Amino acid sequence: MPRTVPLRRLFLSLLLSCAVLAGTTACGGDDDSGGASSSSASPTGTSSAEAQKFAKTRFVTNAGLAAGATYQWVVKPYRAGKFKKGTDGRTFALVKAGLAGGFAYNRLKAATENAKGDPLLSKAVAPLTAGIASLKGLATKLRKGEAGEGDIGAFESVISSVKDAGKSAGAEVKDKVPSTSQLGG
C-alpha cells in the first residue's frame, strides 16, 4: 500500500502537466475562431454592411463563450468553496478554472479583434483592452490555486464591462458555456 501514494502523485503531476501544456498550446494561436473562417478566407463579394454584421456576430459569440466559461468554471466554483484547501475535487476544479481562464482570455482577445470590424463596437470596446490584457496571468494563478477574491472579481468586472460595451453598441452578449473539450483545445 505505501507504494500507491507516490504512484498516485506521479500520475496526478503527469495529468496536471498535460492539462497545463494543452491549455497553453490551445490558447496560443492568433486566429479569432476555429480556423475555417479566417479573414483571408472571407468571400470577396461581401459588402461593408455585411462585414460589420459578421463582426458583431463574431464579437457576440466570442464574448459569450468567454463569459460562460468564466461563470461556469471560475466564479461558480469559487463561490461554492471548491478552491479552498482540503476540499474534495479541489485539484480538478483548479485545473478546469485555469483552462477556463486561459480560454476566456483568448476569446476576449478575439472579441476585441472582432470589434474592430464595426465602428460603433470598436469605440465601445477600445477602453477595455487594458482590462483584458490584465487578465493574462490569471489563468496561471487559478491553476496554481493562488487566485483570491480580487482576481475573481477582476474576471467578473472585465466580463461585465465587455457585455455592457456590446449592449451599448447593439450587440448584446449572452453567456454561452463551452464544452470541456473546447477548453482544452
**Long-range amide H partners of VAL173 with built H, under 5 Å** = LYS167
**Request:** Would you mind listing how long the stretch 42-161 runs along its three principal axes, going by Cα atoms, in whole Å with the largest first?
**Result:** 58, 25, 19
**Message:** Please list, ordered by chain and number, the residues whose modelled amide H lies under 5 Å from the amide H of ASP118; skip anything fewer than 5 residues away on the same chain.
**Reply:** none
**Message:** So with the 1.4 Å probe, I'd like the accessible area per residue for the stretch 86-185, rounded to whole Å².
**Reply:** 48 Å²
**Item:** Ranked by how many other beta carbons lie within 10 Å on average, peptides 175-181, 100-106 from highest
**Value:** 100-106, 175-181
**Asked** If we sort 145-155, 111-121 on the protection proxy, mean other Cβ atoms within 10 Å, highest first, what's the order?
**Response** 111-121, 145-155
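The values are calculated or read from the model by the stated rules, or taken from the named source; none is laboratory data. A quick note: this is a predicted structure, and the numbers were derived from the prediction, not measured. Cβ: placed from backbone, ideal geometry, glycine included. Neighbour counts: every protein chain shown. These area figures cover heavy atoms from the full protein model, side chains too; ligands, DNA and RNA do not enter into them. Shrake-Rupley method; radii C 1.70, N 1.55, O 1.52, S 1.80 Å.
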